[in-house]
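Report on one structure; see the data block that follows.
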């Protein structure tokens, strides 16, 4: 059998093996723990302010710092995935994340907690793209959208569980800021065990070297400029959407709901968790709709337009916070369910590693900057329980940034409806990916 034939046969074995569902489950468990620990500062933000005297900027920096290592390592992580395979990088990243969670839970002095979050950030960036690449090796092109949607849906359970933890782990929060972080250590340890299982499962069926895998070509900065406009538009949406959603929901939303809307910690956590609860159930639905009906760029535009609407409702109306939560939940279900599979359809499979690396690098620049700017604005305005109005400038910052994200979505939709599109508006992709227009 020729090398090409062997690769096709190996790929087909994975795509039809019942083990692919076990691989998907283990991947979801690994990312569940990563998402839980990534969001760990939000529910204890008020405790850190009251019990340790942290400023808003310091609190924001504890979330922002996890993006720093990914600015430096994103492209390197992509090359490691190319060289050693997604399953091995997932295992390495999960082990590093476990160490970072321990350092964060020890937590004193502030510098050690910051260092723990930095170490966790090394894991957080690598494990997501390694698992995306790993799942792509287990599912055929016709099934990757649903698999990715299920993966993301189960990942949201991690964020949902974290936001609900002040209720189901209330005694830990009542004991102070540190016990909830040790709970995060335990959950991160469970994620490490899932990564071990994913690695073992991967070894049971040989990895392929088909065109669906990322390339083993040497990285070249000049090659970045050969990506076409659709890639840059979708990259802009990746970066800007994340720079709005995650800093607000991970770091500031619970505190905002406490201080501005007058909710208790448990109530604020429950309201914030609604975003992720919606995503758990709606993300696979949107993945199925995209596979069946197409119109991916249109769906991305609809999902993005909901983002500024939620901030307008939250800040300018007296509607219950659940209204903005429901709208943001739909947005957060729709955009991630479409954007990651759409990215794999826009990019030549041989260059997917480079593309994911560039997206991750710039996305983390956005996350780091957005968290710090939001915290700085809140500090400058004196935001806090005695000055709820001080949060207004931060909310307007997120609202204006979400309008910029909408501009990227509109540009992508316009291009994909023209002659230079990659077929994102088509319902199905029976053949190979559209080649890039250089």
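Among the numbered criteria (1) touching a residue at least 12 places away in the same chain (Cβ under 8 Å); (2) out of contact with any strand residue (DSSP E or B) (no Cβ under 7 Å at 6 or more places or on another chain), which single criterion is violated by residue 390?
(2)
Going through 300, 312, 306, 319 one at a time, which residue ends up being outside any helix (DSSP H, G or I) and closer than 21 Å to residue 403 by Cβ?
319
For every residue, the table says whether it meets (1) surrounded by 16 or more Cβ atoms within 10 Å (Cβ to Cβ); (2) part of a helix (DSSP H, G or I); (3) at pLDDT 85 or above.
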site: 327; (1), (2), (3): yes, yes, yes
site: 344; (1), (2), (3): yes, yes, no
site: 401; (1), (2), (3): yes, yes, yes
site: 406; (1), (2), (3): yes, yes, yes
site: 421; (1), (2), (3): yes, no, no
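With the structure loaded, tell me whether residue 87 is in contact (Cβ under 8 Å) with a residue 12 or more places away in the chain, over 26 Å from residue 366 (Cβ atoms) and assigned to a helix (DSSP H, G or I) or whether it fails that test.
Judged against the criteria, residue 87 is a match.
Please state which of the following conditions residue 257 fails to meet, knowing it meets all the rest: (1) modelled with pLDDT of 90 or more; (2) farther than 15 Å from residue 320 by Cα.
Looking at each condition in turn, residue 257 falls short on (2).
Which ones in region 233-252 are farther than 12 Å from residue 332 by Cβ and at pLDDT 85 or above?
Residues satisfying the conditions are 233, 234, 235, 236, 237, 238, 239, 240, 243, 247, 252.
Residue check, residue 77 against (1) in a helix (DSSP H, G or I); (2) in contact (Cβ under 8 Å) with a residue 12 or more places away in the chain; (3) closer than 28 Å to residue 171 by Cβ, all met but one. Which one?
Result: residue 77 fails condition (3) only.
Is it the case, given these coordinates, that residue 376 is at pLDDT below 90 and more than 19 Å from residue 298 (Cα to Cα)?
No; evaluated as a whole, the condition is false for this residue.
For region 180-196, enumerate the residues that are surrounded by fewer than 18 Cβ atoms within 10 Å (Cβ to Cβ) and within 19 Å of residue 28 (Cα to Cα).
Of everything in region 180-196, those that are surrounded by fewer than 18 Cβ atoms within 10 Å (Cβ to Cβ) and within 19 Å of residue 28 (Cα to Cα) turn out to be 186, 189, 190, 193, 196.
When region 299-311 is examined, which residues are found to be surrounded by 19 or more Cβ atoms within 10 Å (Cβ to Cβ) and more than 21 Å from residue 163 (Cβ to Cβ)?
Result: 299, 300, 301, 304, 308.
Mind listing whichever residues of region 38-60 are surrounded by fewer than 24 Cβ atoms within 10 Å (Cβ to Cβ) and not in a loop (DSSP other than H, G, I, E, B)?
46, 47, 48, 49, 50, 51, 52, 57, 58
Scan region 255-266 for residues that are assigned to a helix (DSSP H, G or I) and over 14 Å from residue 161 (Cα atoms) and jot them down.
255, 256, 257, 258, 259, 265
Inside region 330-358, can you point out the residues that are under 14 Å from the mean Cα position of the chain (by Cα) and closer than 22 Å to residue 275 by Cβ?
Correct list: 331, 332, 333, 334, 335, 336, 337, 338, 339, 340, 341.
Being farther than 30 Å from residue 382 by Cα, free of Cβ contacts under 8 Å to residues at least 60 places away in the same chain and out of contact with any helix residue (DSSP H, G or I) (no Cβ under 6 Å at 6 or more places or on another chain) is the filter here, so list the residues in region 257-284 that pass it.
none
For region 329-342, give me each residue that is over 14 Å from residue 359 (Cα atoms) and either buried (at least 20 other Cβ atoms within 10 Å of the Cβ) or in contact with a strand residue (DSSP E or B) (Cβ under 8 Å, 6 or more places away or on another chain) (or both).
Within region 329-342, 329, 331, 332, 333, 334, 335, 337, 338 qualify.
If you take the residues in region 350-399 that are part of a helix (DSSP H, G or I) and out of contact with any helix residue (DSSP H, G or I) (no Cβ under 8 Å at 6 or more places or on another chain), which one is surrounded by the most Cβ atoms within 10 Å (Cβ to Cβ)?
Looking at the filtered set, the residue picked out is 350.
Anything in region 91-113 that is under 21 Å from residue 127 (Cβ atoms) and out of contact with any helix residue (DSSP H, G or I) (no Cβ under 7 Å at 6 or more places or on another chain)? List them, or say none.
92
Run down 298, 307 and say which single residue is touching a residue at least 12 places away in the same chain (Cβ under 8 Å) and within 26 Å of residue 43 (Cβ to Cβ). Give the derivation first.
Details: 298 fails: within 26 Å of residue 43 (Cβ to Cβ).
Result: 307 is the single residue among 298, 307 that is touching a residue at least 12 places away in the same chain (Cβ under 8 Å) and within 26 Å of residue 43 (Cβ to Cβ).
For residue 177, all conditions in the list (1) modelled with pLDDT of 90 or more; (2) over 23 Å from the mean Cα position of the chain (by Cα); (3) surrounded by fewer than 21 Cβ atoms within 10 Å (Cβ to Cβ) hold save one; what is the number of the exception?
(3)
The values are calculated or read from the model by the stated rules, or taken from the named source; none is laboratory data. Quick caveat, the model's predicted, so the values are computed rather than measured. All Cβ positions, even for glycine, are placed from backbone atoms using ideal geometry, and neighbour counts span all protein chains on display.
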